[in-house]
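J.: Before we start, here is the structure in question, set down as structure tokens.
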Amino acid sequence: MNSGQNNSALVIGSSGGLGTAILMELVNDPSINRVVAVSRSRCPQELTNGGADGKVVWLQTEYNEPAMVEVAQSLAPYSGSFSRVCICHGVLHSDILKPEKRLEDLNEASLQSVFHSNAVIPGIWLKLLFPILKGNTNCIVVALSARVGSISDNNLGGWYAYRASKAALNMILKTAAIEYGRRAKNVKLIAFHPGTTDTDLSKPFQATVPTGKLFAPIFVAEQLAIIMDSAKMDGTLSFLDWNGQPIDW
Ligand SMILES: NC(=O)c1ccc[n+]([C@@H]2O[C@H](COP(=O)([O-])OP(=O)(O)OC[C@H]3O[C@@H](n4cnc5c(N)ncnc54)[C@H](OP(=O)(O)O)[C@@H]3O)[C@@H](O)[C@H]2O)c1
């Protein structure tokens, strides 16, 4: 990791359950002196003026390409300083979205919406971040994926849009890792499965989670910090769970 005076981290989707925990884990890392948070939400009170350490830069945005281009322009002054990037946004359900239980539940608008949030937008971030990350600073880019995006692991069925969007995310990450590996060798990509974590996203599905298998966001953020610290700059995409174990595609 870059241990100099100009060591930055970027957290996209920083108001979510995992995004907030990962943001605070990075803020509390003494080797990082700037953490840029990108979110659809406004900066929380406690982080205005950079938070207690003055480290946080909060950028509020919509997730559409013109707005994201503006975010990239705001990041340009920090080019070459990022050692950590975590893309934490994602959607499983909402007031109008329910994970599908059977084929009859498939709906064109829901599929498009989930694909847009979970695969299209992270892909656009990878494009826009390329010139900002390419350089001499070793940089670990993590996108929050999910084990249910593994095709070989799908024994239960259901959740068509979410599963397929995460499988699509993984393929976008894999393809981008090949290109980053050729054109920006200082960047390593990781598709990360946090495990079932106690956030709004998992709330409706927590009843069936076995005891001890529902993680606190801070535990997952700490695990991810260890994984990022020990990642090898090998120019490939890794698909890893919260324990650092590889997941089959
Ligand atoms: N929690 C789990 O059990 C679990 C398990 C496996 C994978 N994951 C993955 O981990 C990531 C973080 O999830 P979480 O558990 O922290 O969920 P969360 O608390 O619901 O946070 C998700 C965040 O995603 C962004 N978001 C919400 N709706 C969106 C939309 N329609 N379009 C784009 N972005 C939207 C928001 O970030 P901003 O408002 O800050 O932009 C939101 O705060 C997701 O990618 C999820 O698929 C979670």
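None of the figures in this text is laboratory data; all of them are computed from the coordinates on show. From a predicted model like this one, the values you see are computed outputs, not experimental measurements. Backbone-built Cβ (ideal geometry, glycine too); neighbour counts: all protein chains shown.
J.: Under a cut-off of 15 Å between alpha-carbon atoms, report the aspartates and glutamates in cross-link reach of residue 213, not counting same-chain residues fewer than 8 places apart.
T.: Qualifying aspartates and glutamates at Cα under 15 Å: 198, 241.
J.: Could you tally the net charge around residue 25, taking each other residue with its Cβ under 14 Å from the Cβ of residue 25, Lys/Arg +1 and Asp/Glu -1?
T.: Local charge sum for residue 25: -2.
J.: I've got another one for you. Over the range 20-71, what relative contact order in percent results from Cα pairs under 8 Å that are six or more residues apart?
T.: Values: 54 pairs, mean separation 16.7, N = 52.
Relative contact order comes out at 32 percent.
J.: Let me spell out the model: positive unit charges on the Cβ of Lys and Arg, negative unit charges on the Cβ of Asp and Glu, origin at the Cα centre of the range 91-249. What dipole size does that give, in debye rounded to 20? Intermediate results must be reported in sequence, preceding the final value.
T.: Working: 16 positive and 14 negative charges, 107 e Å.
Dipole magnitude for the range 91-249 comes out near 520 debye.
J.: Mind listing the long-range amide H neighbours of residue 142? Cut-off is under 5 Å, sequence gap 5 or more, other chains count too, H placed in the peptide plane at 1.01 Å from N.
T.: Those qualifying (amide H under 5 Å, at least 5 residues apart or on another chain) are 85, 86, 87, 190.
J.: Taking only C-alpha pairs under 8 Å that are 6+ residues apart, what is the relative contact order of the range 98-249 in percent? Write down the numbers at each step before the final one.
T.: On the way: 217 pairs, mean separation 42.4, N = 152.
Dividing the mean separation by the residue count of the range 98-249 yields 28 percent.
J.: Still on this structure: Of the candidates 95, 29, 53, which one comes out as most mobile in a Gaussian network treatment of the chain with C-alpha springs shorter than 10 Å?
T.: So, out of 95, 29, 53, the one fluctuating most is 95.
J.: Hey, what angle do you get for helix 17-27 against the long axis of the chain, alpha-carbon based, 0 to 90 degrees rounded to 10?
T.: Rounded to the nearest ten degrees, it is 20.
J.: Please report the spacing between the Cα centers of the range 134-185 and the range 52-111 in Å, no decimals.
T.: 15
J.: Need the full-extension length gain, residue 111 to residue 225, defined as separation in residues times 0.36 nm minus the C-alpha distance. One decimal, nm.
T.: Numbers: separation 114, 0.36 × 114 = 41.04 nm, distance 3.22 nm.
Extending this stretch completely gives an extra 37.8 nm.
J.: By count of other Cβ within 10 Å, fewest leading, how are 100, 70, 25 ordered?
T.: Working: 100 20, 70 13, 25 24.
Fewest to most other Cβ atoms nearby, the residues stand as 70, 100, 25.
J.: Where is the GNM fluctuation largest for the chain (alpha-carbon springs, 10 angstrom cutoff): 32, 124, 190?
T.: Judging by the Gaussian network model, the answer is 124.
J.: On to the next question. Work out Dmax and Rg for the chain from the C-alpha atoms and quote the Rg first, both in angstrom.
T.: When restricted to Cα atoms, the chain yields Rg and Dmax of 17.3, 56 Å.
J.: Take each of the peptides 151-159, 179-187, average the number of other beta-carbon atoms within 10 Å over its residues, and list them starting from the highest.
T.: Working: 151-159: 11.9, 179-187: 16.7.
Averaged packing, sorted descending, gives the order 179-187, 151-159.
J.: Continuing with the same structure: For the pairs 98/166; 134/232; 98/127; 166/232, flag any whose C-alpha to C-alpha distance is greater than 19 Å. Show your work: numbers first, answer last.
T.: Details: 98/166 16 Å; 134/232 17 Å; 98/127 30 Å; 166/232 23 Å.
The pairs that break the limit, which is 19 Å between Cα atoms, are 98/127; 166/232.
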